[in-house]
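The values are calculated or read from the model by the stated rules, or taken from the named source; none is laboratory data. Since the structure is predicted, the reported quantities are computational estimates derived from the model, not experimental observations. Quick reminder, even Gly has a Cβ in these numbers, built from the backbone with ideal geometry, and neighbours come from all protein chains shown. For the accessible areas, the whole protein counts, side chains as well, though only heavy atoms, and no ligand, DNA or RNA atoms are used. Shrake-Rupley method; radii C 1.70, N 1.55, O 1.52, S 1.80 Å.
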Amino acid sequence: MKLSVFEVSSERDTGYAASTAMTGTRTNEKLENLPNSISVMTQELLQDLALNNYFDAVDFAMSTENIANDQGTIGAVVNNRGGNQVSIRGLASFRQLRDGFPWYLAADVFNTERIEFSRGPGGLAYGDVDPTGIINVSTKRATSRRSAAATVRYDNFGTRRYSVDLNQPLGSRVSARFNA
């Protein structure tokens, strides 16, 4: 028995509106078919808001906020719990996924395709009951379309940010992507 090819693609996203998400079932499903409350930040929204990392995105997400430890560091360990501490629906959570798998490092947006915020219990998808919610960061993937982009950004605080994104098809079924 041969299974059909499973491919996750954000090519159908239009501007800020996303039509699918992986967070609800770990498969690429239409948002309208998922019982969870899921918000998606597309790459266009992340770029237009000039966000630099995962914690900047949390500040703009619905029903989420960053948690600072006693020293005022955002996302740092609070008490004895590790991970990126954020508050979802008023409860502390450290669950963060990267492409559907647990990931405890703060993601930078230079290689982020989209961020999905699922609010509420995630027991259906992940086998446990997390009363807060789950955040899934999807990384950029190689596509069959040739593309290149470079970004230079300066701000009033003296911050400089440079990034490059190159995608090159190598054959009919193989592509390579470089982000820095």
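Specify the residue that is modelled with the lowest pLDDT; the eligible residues are those in the range 83-97 that are assigned to a loop (DSSP other than H, G, I, E, B) and open to solvent by 40 Å² or more (accessible area, probe 1.4 Å).
Step by step, filter the range 83-97, then rank; the result is Phe94.
Which pairs have Cβ atoms under 9 Å, sit 6 or more apart or on different chains, and link a residue in the range 130-156 that is over 30 Å from Arg119 (Cα atoms) and open to solvent by less than 90 Å² (accessible area, probe 1.4 Å) to one that is assigned to a loop (DSSP other than H, G, I, E, B) and among the hydrophobic types (A, V, I, L, M, F, W, C)?
Once the first residue is over 30 Å from Arg119 (Cα atoms) and open to solvent by less than 90 Å² (accessible area, probe 1.4 Å) and sits in the range 130-156, its partners that are assigned to a loop (DSSP other than H, G, I, E, B) and among the hydrophobic types (A, V, I, L, M, F, W, C) give Arg153/Ala50; Asp155/Ala50.
Taking the range 146-180 as the search range and keeping residues that are assigned to a loop (DSSP other than H, G, I, E, B) and modelled with pLDDT of 90 or more, which one is farthest from the chain's Cα centre (by Cα)?
Leu170
I'd like to verify a number: residues in the range 27-67 that are assigned to a loop (DSSP other than H, G, I, E, B) and of a type in the set (Val, Ile, Thr), how many?
Count: 2.
Being at pLDDT 75 or above and open to solvent by 50 Å² or more (accessible area, probe 1.4 Å) is the filter here, so list the residues in the range 109-129 that pass it.
Correct list: Phe110 only.
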